[in-house]
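Here's the structure we're looking at; comments come further down.
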Amino acid sequence: MNIRDLLNDKVQQAMQAAGIPADCGAHLAPSKKAGFGDYQANGAMGAAKLMKSNPRELAQNILDHLDLGDIVEKTEIAGPGFINIHLNEAWLAQQTQQVLNDERLGQQKTSSAQNIVVDYSSPNLAKEMHVGHLRSTIIGDALVRVLEFQGHHVVRQNHVGDWGTQFGMLIAELEDQLQDGEAAEFALKDLEGFYQLSKKHFDDDEDFAVRAREYVVKLQSGDEHVLKLWAQFKKVSLQHSEEIYQQLNVTLKGEHVRGESAYNDDLSKVLAELQTQGLAKEDQGAQVVFLEELADKEGNPSPVIVQKKGGGFLYATSDLAALRYRTNFLKADRILYFIDARQSLHMNQVFTLARKANFVPDSIALEHHAFGTMMGPDGKPFKTRSGGTVKLAEVLDEAVERAAALIAEKDPDLTEEEKVDVAQKVGIGAVKYADLSKTRTNDYIFNWESMLSFEGNTAPYLQYAYARIQSIFRKAEIDATTLECSIQLKQEQEKALALKLLQLPEVLEQVTREAYPHVLCAYLYDVASLFMKFYEACPILKDDVDSETRTSRLGIAQVTAQTLKTGLDLLGIETMNKM
Ligand code: ARG
């Protein structure tokens, strides 16, 4: 159940019954300060302004028409016309009881399920995945998981860069190495080194360069020999990405790959359509669309090149073709892109042009969810000491190594097997959470110490909170998943924790509306912190706790554990019973 929506609907109904126009919202939100109730409705002020009446009187009028039954303890008017809502403890206890051992934790499947296409990760296959691909991969995956949990139908699209001029030299290089008897897997073991080598041959060896350029043309025209080499290259490069996805606990699989190459045959159709509509025009040998909609301050329209002089198509052209595919074939209701903020102009151009050419109707939402850059400790974009790009695989290995060292020190009692498992989950969880917990649109500084800290808003802190609850269950010698109890909320810490636990659905709603996973992180951190306060104030296993209170508190602890586990799982982070 979504408490916020429930209250919002009720207040809205009361507003209408009180004669307030239907377009005035109830504006319901959790109260920010203690003493102002659990939720606040702020709609009376706006409505009073519109109706030119007294906001406090209007608030009273709303209250006179509001019947919240046993949900509330009391309501009151505060300040200029806020309505404070204090929820009833018995009702909260009953709601908490209902989600105990419900794996959906009160989250109903949406009655308005959408077809949602999510474009994320999308690395260029010419090179190894580097830290620049981390953000898109994990933010996109968190969103996909939450949307599916809400009951939407999600189509993952890994729009990999597997086409274009770079592939000519890579294929020529691969051909040479295969001729020397090398297996493709081995030749491409170090993709980064392979790229450098082929680039060197391209720059230094004229014959090689000629052949590489020839291969670009042959690739586009479907030459069998060249296509075969290209397919081999693509296969091995994708294996590299898939290893990373697996290590990162990301849900992307081979079947989600639909790269730029998939649109090769559509590119000329896109161009023809743009020409027919009079949108694409020749400009210095290239085909260009000038968008007045995105003109600069001087009024110069924004140029989008769809075909280069010489016939080659561009990144924007494949994105337009992809949009047509997603609209016409995938039947998307909403399309989300998780791409670096540096591509904002590109996305803006593509969206504007797609609407203008009627490739995508207004009913389909197009959303570019941009994110900032991951910075090194020096505050500059994360690089190796020599200034090169940092391979993602190396960062992840280091994360697990660092976590292993910490675990060896903190948890000497774990078995060797448990230590390996915990190090993996803590190390990877720490890297992901450090990223997901920051406001997506900002740059952030990558810092090993803070992300691996067991205190503060980190993955290890939350994983530890979960493991700690499991250890309580072990001490109590119970199986919490089949616990029978009657939950009661007697202490204020119990009530505060229970209310927070019941807010998961409304938090998830905010996460998917704005594509902000940090909102879920902040929520889980609140849950863990409120649990610690509860555990301090409300002993569970002490001798003087009567058995009814004990099982009630065990029940609250179990709902907390379920919430932490589900929430972390939606972020793609694993939990363990012991750490
Ligand atoms: N391959 C691109 C890059 O690495 C990202 C592609 C993002 N998706 C898209 N539809 N343009 O920069």
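The values are calculated or read from the model by the stated rules, or taken from the named source; none is laboratory data. Predicted model only: the values in this text are computed from it and were never measured. Heads up, the Cβs are rebuilt from the backbone with ideal geometry, glycines too, and the neighbour counts pull from every protein chain shown. Keep in mind that these areas ignore ligands, DNA and RNA; they rest on the heavy atoms of the full protein, side chains included. Shrake-Rupley method; radii C 1.70, N 1.55, O 1.52, S 1.80 Å.
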* **Label point at Tyr315 placed 7 Å out along Cα→Cβ; residues across the range 382-409 whose backbone nitrogen lies under 19 Å** => 382, 389-390
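Let me make sure I get this right: for the range 430-482, a, b and c are the square roots of the gyration tensor eigenvalues over alpha carbons, sorted descending. Under 1.5 in a/c it's rounded, otherwise prolate if a/b > b/c, else oblate. Which is it?
Details: a/c = 5.10, a/b = 2.72, b/c = 1.87.
Cα axes put the range 430-482 in the prolate bin.
Return the carbon/sulfur percentage of the accessible area of the range 162-281, one whole number, probe 1.4 Å, all protein chains in place.
Values: 3020 of 6170 Å².
Of all accessible area on the range 162-281, carbon and sulfur atoms account for 49 percent.
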* Structure fact -> Rounded to a whole %, the carbon-and-sulfur portion of the accessible area of the range 459-506 at a 1.4 Å probe is 43 percent
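Using packing as a proxy for protection, rank 532-544, 28-40 so that the peptide with the highest average count of other Cβ atoms within 10 Å comes first. The partial results should precede the final answer.
Working: 532-544: 13.4, 28-40: 15.8.
Highest to lowest by the protection proxy: 28-40, 532-544.
Using only the alpha carbons of the chain, what is the convex hull's orientation-averaged projected area in square nanometres? Don't skip to the answer; put the middle values down first.
Numbers: hull surface 132.4 nm².
Orientation-averaged projected area of the Cα hull: 33.1 nm².
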* Asked: Which Cα, out of Leu508, Ser198, Tyr39, lies furthest along the positive dipole direction of the chain (beta carbon charges, K/R +1, D/E -1)?
  -> Tyr39
* Structure fact -> The answer for the net charge of residues other than Phe371 whose Cβ lies under 11 angstrom from its Cβ, with Lys and Arg +1 and Asp and Glu -1, is +1
* Structure fact -> Note to self: with every protein chain in place and a 1.4 Å probe, the range 69-137 gives an accessible area per residue in Å² of 40 Å²
* Multiply the residue gap between Lys380 and Glu214 by 0.36 nm, knock off their C-alpha separation, and tell me the result in nm, one decimal place. => 55.8 nm
* Structure fact -> Asserting the computed 222 nm helical MRE of the chain (DSSP H runs at least 4 long, -39500 (n - 2.57) per run, divided by residue count, to nearest 500) equals -16500 deg cm²/dmol
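For the range 509-579, which whole-number percentage of the solvent-accessible area (1.4 Å probe, protein heavy atoms only) is attributable to carbon and sulfur atoms? Before the final figure, lay out each step's value.
Details: 1170 of 2710 Å².
C and S atoms contribute 43 percent here.
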* Structure fact -> the chain: relative contact order from alpha carbon pairs under 8 Å, six or more residues apart, as a whole percent, is 15 percent
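Suppose R0 equals 56 Å. What FRET efficiency, 1/(1 + (r/R0)^6) with r the Cβ-Cβ distance, do Asp544 and Ala408 give to the nearest 0.05?
Numbers: r = 38 Å, r/R0 = 0.68.
Efficiency at R0 = 56 Å is approximately 0.90.
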* Structure fact -> Hydrodynamic radius by Kirkwood for the range 110-151, inverse mean 1/r across distinct Cα pairs, in Å, is 11.7 Å
